[in-house]
Amino acid sequence: MYDYFLGGKDNLPVDREAAQQVLRFVPEVPIGIRENRAFLQRAVRYLAGQGIRQFLDIGAGLPTQRNVHQVAGEYAPGARTVYVDNDPQVLAHARALLQDSPLVLVAEGDLREPGHIMDNPDIRAHLDFSQPIAVLMLAIVHFIPDSDAPKDIIARVTRSLAPGSYLALSHVVIDERPTAAPGVERVYQSASAPFVPRLSSQVTPFFDGLEIADPGIVNLHEWRPDSDYVTPPLLQIASYFLCGVGRVP
Ligand SMILES: C[S@@+](CC[C@H](N)C(=O)[O-])C[C@H]1O[C@@H](n2cnc3c(N)ncnc32)[C@H](O)[C@@H]1O
């Protein structure tokens, strides 16, 4: 569905049908997703500027344009990247398209079992956990229900990281469209992961315990926009898709 929203070709009729149903409730989804990919690029560039040379991208998704290791390679040559996902189709594509360099590892993992990711011997062989690592959780935590305790999951992940590591996280919020949420939830009932609608006030606590980088926890387009950036009119609303970058003290 995500690939379809991005205008890609790696999607099936069942994905397209479900994606079109989501668009009926929230027509601005494709803009939000493009903004999310743009945030990914700005965040990786920022993290490279902070000296980060290791990236752990959890819920990496299907390879698309300018993936984490490509952006990291540009701003931090020699940077090492691990892509983690729990979807077998995503892993197959990622192994075929991303693992083209000894600096990249693709690993199966489920964020609902963070210990398995953080203790995975292949991941620990690829990344040096005694040194700072930037963990990316972009557009994934809104697929983790409260019953799986997402705040505890995030704390488990950041606890495994060396001081000076970072977490970059983005999460859809429904403050502006509360009435669309039940419709979208229904579509995702038959998807591989449920969509979990949350308000901004439920997302900001995910950053507890971290030193939040400027400009804070804001909408995607407000996070360190490029100088020539023009906000798409649809996104000039209060809250639709929050993001932030926090440093492990
Ligand atoms: C919307 S895509 C986001 C892709 C990429 N992070 C981005 O922001 O462009 C969400 C990805 O998270 C993966 N995912 C969902 N739940 C997951 C879980 N519990 N563990 C690992 N991956 C998960 C899905 O398979 C999908 O590839």
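The values are calculated or read from the model by the stated rules, or taken from the named source; none is laboratory data. Note that the coordinates shown come from a computational prediction; the quantities given were computed from them, not determined experimentally. When we count neighbours, we look across all protein chains shown, and the Cβ atoms used for this are built from the backbone with ideal geometry, even at glycine. SASA here: full protein model, heavy atoms, side chains in, ligands and nucleic acids out. Shrake-Rupley method; radii C 1.70, N 1.55, O 1.52, S 1.80 Å.
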**Prompt:** In whole Å and largest first, what semi-axes does the C-alpha gyration tensor of region 118-249 yield when each eigenvalue is scaled by 5 and square-rooted?
**Reply:** 27, 21, 13
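Counting only chymotrypsin sites (Phe, Trp or Tyr not before Pro) that are in a DSSP loop and have at most 16 other C-beta atoms within 10 Å, tell me the longest site-free stretch of the chain. Before the final figure, lay out the partial values.
Details: sites that count: PHE129, TYR229.
Value returned for the longest uninterrupted segment is 1-128.
Report the equivalent ellipsoid semi-axes for region 44-178 in whole Å, largest first, defined as the square roots of five times the eigenvalues of the gyration tensor built from alpha carbon atoms. Don't jump to the answer; show the numbers that get you there.
Details: eigenvalues 96, 59, 51 Å².
Semi-axis lengths for region 44-178 are 22, 17, 16 Å.
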**Placed amide H near ARG80: partners under 5 Å, 5+ positions off or other chain** = GLN54, PHE55
**Asked** Share of antiparallel DSSP beta bridges in region 2-247, in percent to the nearest 5?
**Response** 40
**Prompt:** Cα extents of region 150-204 along the three principal axes, largest first, in whole Å?
**Reply:** 41, 25, 15
**Item:** In sequence order, calculated HN-Hα J values of region 187-201 (Karplus, 6.51, -1.76, 1.60; Hz; x Gly/Pro)
**Value:** 4, 7, 4, 9, 8, 5, 9, x, 8, 10, x, 9, 8, 3, 5
**Debye log10 I(q)/I(0) for the chain, one point scatterer per Cα, at q = 0.13 Å⁻¹** = -0.78
**Complete:** Residues whose modelled amide H sits under 5 Å from the amide H of ALA107, counting only those 5 or more places away in sequence or on another chain, are TYR83, VAL84, ASP85
**Built amide H within the under 5 Å cut-off of GLY244, gap 5+** = LEU169
**Request:** Please report the relative contact order for the chain, taking Cα pairs under 8 Å with a sequence separation of at least 6, and give it as a percent rounded to a whole number.
**Result:** 19
**Message:** I need the phi-derived Karplus couplings for region 45-55: 6.51 cos²θ - 1.76 cosθ + 1.60, θ = phi - 60°, integer Hz, Gly and Pro marked x.
**Reply:** 4, 4, 5, 4, x, 7, x, 6, 10, 9, 10
**Asked** So what is the calculated 222 nm ellipticity per residue for the chain, using -39500 (n - 2.57) for each DSSP H run with n of 4 or more, over all residues, to the nearest 500 deg cm²/dmol?
**Response** -10000 deg cm²/dmol
**Request:** Using the Karplus curve 6.51 cos²θ - 1.76 cosθ + 1.60 with θ = phi - 60°, work out ³J(HN,Hα) for each residue of region 118-126 in order, rounded to whole Hz, and write x for Gly and Pro.
**Result:** 6, 9, 4, x, 5, 5, 6, 7, 7
**Prompt:** From a point 7 Å beyond the Cα of PHE129 in the direction of its Cβ, which residues of region 89-119 have a backbone N at a distance under 13 Å?
**Reply:** 114-119
**Request:** Would you mind calculating the gained length between ASP228 and LYS9 on full extension (0.36 nm times residue separation, minus the Cα-Cα distance), in nm to one decimal?
**Result:** 75.9 nm
**Complete:** Sorted by accessible surface (1.4 Å probe, heavy atoms of the protein chains only), largest first, THR64, THR158 come out as THR64, THR158
**Asked** Which value results when the Cα radius of gyration for region 26-88 is divided by 2.2 N^0.38 Å?
**Response** 1.18
**Request:** May I ask you to rank ARG34, ARG66 by accessible area, largest first, using a 1.4 Å probe over the protein chains only?
**Result:** ARG34, ARG66
**Message:** Not counting ligands, DNA or RNA, and with a 1.4 Å probe, what is ARG224's accessible surface area in Å² rounded to the nearest 10?
**Reply:** 100
**Request:** Any chance you could look up the accessible area of GLU108 with a 1.4 Å probe, heavy atoms only, rounded to 10 Å²?
**Result:** 110
